[in-house]
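The next block holds one structure in the form of structure tokens; read it before the comments.
Just so it is clear, none of the values below were taken in a lab; they were calculated from the coordinates. Please read these numbers as outputs of a predicted model, since none were measured by experiment. When we count neighbours, we look across all protein chains shown, and the Cβ atoms used for this are built from the backbone with ideal geometry, even at glycine.
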Amino acid sequence: MDPNIPPNPIQNEIPVTQPNPQPISKIPTIKNKWKLILIIIIFLIIVGAGVYLLIKNTAIAPTSTPTSALTSTTIPIQSVPKTSASAITLPPPSMDGINTHTELYGTGADPDIITLGPKVGGHPGWKPYQHKPGMSFETYKGGSPVLAPFDMMLVGFRDTSTQIVSGGISAHSDDVKLFFESTSPDWPGVYLTVYHLLTSPLLTGHTQRASNDLMAAPAQGYQIFWDGNYSVSPTSNAASYGALIGYKVKRGELIGFAGTVPALGSVGTHSFADFYFDVPDTSVNPNIQRGDIHLHLVQPGSFFYWQSYSPDAIFPSGVLAYPFETDGYQLPVKQHNVNFKYSPQK
């Protein structure tokens with residue numbers, strides 16, 4: 001008798017004088033063994049799958065992931081490639097104070113020329129004009145201070161301010177453009193362009209509201225457009241602007257004053273400032289006809305995280321400061337004067 005099979009109570013009551021019972025079948029024992037083998041196989045499969053997934057997730061984790069971001073449960077911005085040099089491929093550890101003024105986001109960039117990250121801006125229903133490279137902030141009045149969203153250096157300017165005619169009515173349009181290169185370790189190789197400015201403290205010789213020939217606009221230094229980027233020597237009367245090329249500004253500092261343009265369909269004016277960002281990536285931007293083909297336009301309202309600036313504000317990696325005075329932060333009174341100029345750095 002198999003010792004693994006418990007004795008049968010009925011069999012124990014049979015007198016020993018009776019004939020020996022039929023041999024007990026071993027089929028139940030074989031079934032038990034197969035059940036045990038099946039359980040072991042299933043267990044090994046589950047353990048193996050778990051080990052495989054752990055190894056796979058470890059292998060694809062970016063080596064530059066900040067420790068603080070590992071504890072975040074926030075979902076990263078959709079479609080931002082990990083090959084980007086920008087730090088915003090991961091969300092900040094906390095969204096407290098982040099993107100709190102989206103009501104001031106204006107018309108975004110033309111999605112047809114956005115080649116990196118999300119194409120849709122802050123207001124999907126607001127149609128931008130063709131080849132519009134950046135996003136407007138609807139918070140400025142004419143001459144309002146425009147602030148630096150991160151640490152950066154002036155690398156060029158262009159003044160395409162001009163007289164425009166709409167419906168037989170002639171009106172002036174302010175369009176001083178400033179080109180900056182990031183000096184922040186969070187944004188290596190990133191460029192910012194701000195335009196529709198009245199003037200800038202970085203243009204020490206410019207105070208007038210002049211109109212220029214758009215075919216020969218005053219320009220100097222590095223120029224960045226949706227389809228090209230390159231450097232130019234001073235053109236037209238650019239030397240008279242006294243541009244402080246190479247001057248560095250910190251996040252939250254004054255970089256210009258908002259200009260005005262004629263309002264669409266009326267004689268009135270509209271004051272705002274537009275910003276566009278070029279971010280380096282290993283992929284090729286097919287729109288670039290001249291210059292660095294690895295610079296890509298992004299959609300500022302959905303590619304970046306934004307936060308109000310104050311001297312004691314803590315900015316996580318990849319978060320930009322809103323480029324306007326907000327939440328109690330104010331520049332010195334003298335920097336509200338459109339005639340304020342920086343002194344050349346020694």
Report task. State, to one decimal in nm, how far the label point of A210 lies from the label point of I39, with both points 7 Å from Cα in the Cβ direction. Result -> 9.1 nm
Query raised in the report: Across region 174-231, how large is the tail of the calculated P(r) beyond 16 Å, expressed as a percent of all Cα pairs?
Result: 52 percent
Report task. Figure the gain on full extension for L331 and T269 (residue separation times 0.36 nm, minus the Cα-Cα span) and round it to one decimal in nm. Result -> 19.8 nm
Report task. Under 12 Å Cα to Cα from K119, which aspartates and glutamates show up? Leave out anything in the same chain fewer than 8 places away. Result -> D110
Requested in this report: Report the full-extension gain for the segment K141 to S310: residue separation times 0.36 nm, less the Cα-Cα distance, to one decimal in nm.
Outcome: 58.7 nm
Query raised in the report: Picking from T115, F315, P201, whose Cα lies most toward the positive end of the charge dipole for region 70-336 (charges on Cβ: Lys, Arg +1; Asp, Glu -1)?
Result: P201
Query raised in the report: Using 7 Å Cα-to-Cβ label points, what is the V165/M95 separation (nm, one decimal)?
Result: 5.1 nm
Query raised in the report: Can you list the residues of region 183-218 with backbone N under 20 Å from a point 7 Å past the Cα of M153, pointing along Cα to Cβ?
Result: 183-194, 201-204
